[in-house]
Amino acid sequence: MGASGRRSQVNPLTPSVRVTTLGRLRVEVRGKPVPVRDQAHNRSLQLLALLIAMGGQHVPIERLEEGLWPQADGDRAHRAFVTTLHRLRKLLGAEVLVLRDGLLSLSPRHCWVDAFELDGATVPTGLAEPAAAWDALAVALARYRGPFLEFGVDHPAVVATRERLHKDFLRRSEALAAAHERAGRFEAAVAACRRALVEAPASEAL
């Protein structure tokens, strides 16, 4: 089947871009992985990575310029940003990246990010919560397949997000296992602990 045939099967309500940041960086556009072929691609993906690390919404472009071109003066850094943003838009689609009033955002309608799904997961308040709420938490935790964005962007925002997501993963995994235990679902509790121990083998609580 040709590329046009694959595109016709994409649900218009499904984001056209999917970004995996946990354990590795993988970018898919309409179901096809984006190859990292050269330095230009690398810099574009580094811009995407840093944008995600900074929350993905309404990020001042000055922060991105300082993060990726710390040695360049203001004008040179801004020119490099404009060029890199143009390449990233060609890579992902212009509609994916919204630049307004000096603030850059990822469009949630067009771009799904695994870290954002994990970040947005909530721990149900108790066993009275519907099973679907606990299932949603388990699905979000399954997205965690390693540290956040180990992809050559050595920036405080990346490191801070990596540490926070790891701690949140452990805290929520413990809550999920404890809920299964209280409900008498001991095999499920053990499975939740084992799954989390793969990523945190030194966790005493697990």
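The values are calculated or read from the model by the stated rules, or taken from the named source; none is laboratory data. Since this is a predicted model, take the numbers as computed values, not measurements. Glycine also receives a Cβ, built like all others from the backbone with ideal geometry; neighbour counts cover every protein chain displayed. Only protein heavy atoms, including side chains, enter the accessible area calculation; ligands, DNA and RNA are left aside. Shrake-Rupley method; radii C 1.70, N 1.55, O 1.52, S 1.80 Å.
What accessible area, in Å² to the nearest ten, does a 1.4 Å probe give for residue 86?
110 Å²
With a point put 7 Å past each Cα toward its Cβ, work out how far residue 101 is from residue 205 in nm, to one decimal.
Label at residue 101, label at residue 205, 3.9 nm between them.
Between 19, 27, 98, where does the largest GNM mean-square fluctuation fall for the chain, given springs only between Cα atoms within less than 10 Å?
98
Using a 1.4 angstrom probe on the protein heavy atoms only, could you order 171, 100 from most to least accessible area?
Of 171, 100, the descending order of accessible area is 100, 171.
What list of ³J(HN,Hα) couplings, whole Hz, do you get for the range 180-188 from phi and the Karplus terms 6.51, -1.76, 1.60, once you set θ to phi - 60° and write x for glycine and proline?
So the J values, rounded to whole Hz, are 4, 5, 4, 8, x, 8, 5, 5, 5.
Assuming R0 = 25 Å, what is the FRET efficiency of residue 160 and residue 71, from their Cβ-Cβ distance, to the nearest 0.05?
About 0.70, to the nearest 0.05.
If you roll a 1.4 Å probe over the chain with all protein chains in place, what percent of the accessible area is carbon or sulfur?
About 52 percent, which is the carbon plus sulfur part of the accessible surface.
Please compute the alpha carbon radius of gyration of the chain, then divide it by the globular-protein estimate 2.2 N^0.38 Å. Two decimals is fine.
1.16
Using the beta-carbon distance between residue 26 and residue 142 and R0 = 22 Å, what value does 1/(1 + (r/R0)^6) give for FRET efficiency, to the nearest 0.05?
Computed FRET efficiency for residue 26 and residue 142: 0.90.
Take every Cα pair under 8 Å in the chain that's 6+ residues apart, average their separations, divide by the length, and report that relative contact order as a whole percent.
Averaging sequence separation for qualifying contacts and normalising by length gives 24 percent for the chain.
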